[in-house]
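Each reported figure results from applying straightforward, stated rules to the coordinates on display, with no laboratory input. All of these numbers come straight from a predicted model, not from anything done at the bench. Counting neighbours? That spans all protein chains shown, and the Cβs are built from the backbone with ideal geometry, glycine included.
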Amino acid sequence: MDTINKMEELAWEERRRNPIPAPKCDGCFSRFRGTPPDEDEEDGAEDVGDAFKRCTTCDYTICENCTHLDIQGVPYFDRPPGTCRCLKSNFGVSYCLSSPCYLDGDGNKPYHGDRHPKVASSGYGEDAFEVKERQCRTCGVVARCLKKEHLKDALPGIN
Ligand SMILES: [Zn+2]
Ligand SMILES: [Zn+2]
Ligand SMILES: [Zn+2]
């Protein structure tokens, strides 16, 4: 881990310990409404409205714009703006409840753990799921999980 990463980790660790209302969106770095501009910022810089989503686990806080799919980018190079820093969930919603998506993960590491989306809305047929129910290793619920060969799909049916 290089020094910049380490400093970033420490800063986030501090935020987790002492959460303060975020002055800026962690996805696009725009100011939230009511935050005074930085001294080095140009006058008239636009704010982006209110904080829209905040993860109570990692404190990542974003504006509404950053939840839009079309600005999520390629997570292997950059954190998708709409993805919080937790590895197994996004803003408190466990990734195991949905079908695989290339955006899932903490921005550094993709999530390839167990998945048990509802069969009907998963984008997969029944035969993509394990035959027997078992305990999900991510959330502990007993359900029919997707077979291992699908866990690294970029999207349902695409790998
Ligand atoms: Zn934003
Ligand atoms: Zn989080
Ligand atoms: Zn689960």
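Taking all Cα pairs closer than 8 Å and separated by 6 or more residues, the relative contact order of segment 86-159 comes to 32 percent.
Using only alpha carbons, the chain has a radius of gyration to Kirkwood radius ratio (Rg to Rh) of 1.05. Applied to segment 53-67, the Karplus parametrisation 6.51 cos²θ - 1.76 cosθ + 1.60 on θ = phi - 60° returns per-residue 3J(HN,Hα) values of 9, 10, 7, 6, 8, 10, 6, 4, 10, 10, 8, 5, 3, 6, 8 Hz, with x for Gly and Pro. What the phi angles of segment 20-31 give under the Karplus curve with 6.51, -1.76 and 1.60, with θ = phi - 60°, is a coupling list of 10, x, 5, x, 10, 5, 6, x, 10, 6, 7, 6 Hz, glycine and proline written as x.
What you get for the chain, charging only the Cβ of Lys and Arg (+1) and of Asp and Glu (-1), is a dipole of about 1220 debye around the Cα centre. If you run the Gaussian network model on the chain, springs between alpha carbon atoms under 10 Å, then out of 120, 128, 143 the most flexible one is 120.
Residue order for 20, 71, 62, fewest other beta carbons within 10 angstrom first, comes to 20, 71, 62.
A straight Cα-to-Cα reach below 29 Å connects residue 53 with the lysines 6, 24, 88, 109, 118, 152, residues fewer than 8 places away in its own chain not being considered. 3J(HN,Hα) along segment 102-115, derived from phi through the Karplus expression 6.51 cos²θ - 1.76 cosθ + 1.60 where θ = phi - 60°, amounts to 4, 7, 6, x, 9, x, 9, 10, x, 8, 10, x, 4, 9 Hz, with x in place of Gly and Pro. Counted by neighbouring Cβ atoms within 10 Å, the residues 50, 70, 59 run from fewest to most as 70, 50, 59.
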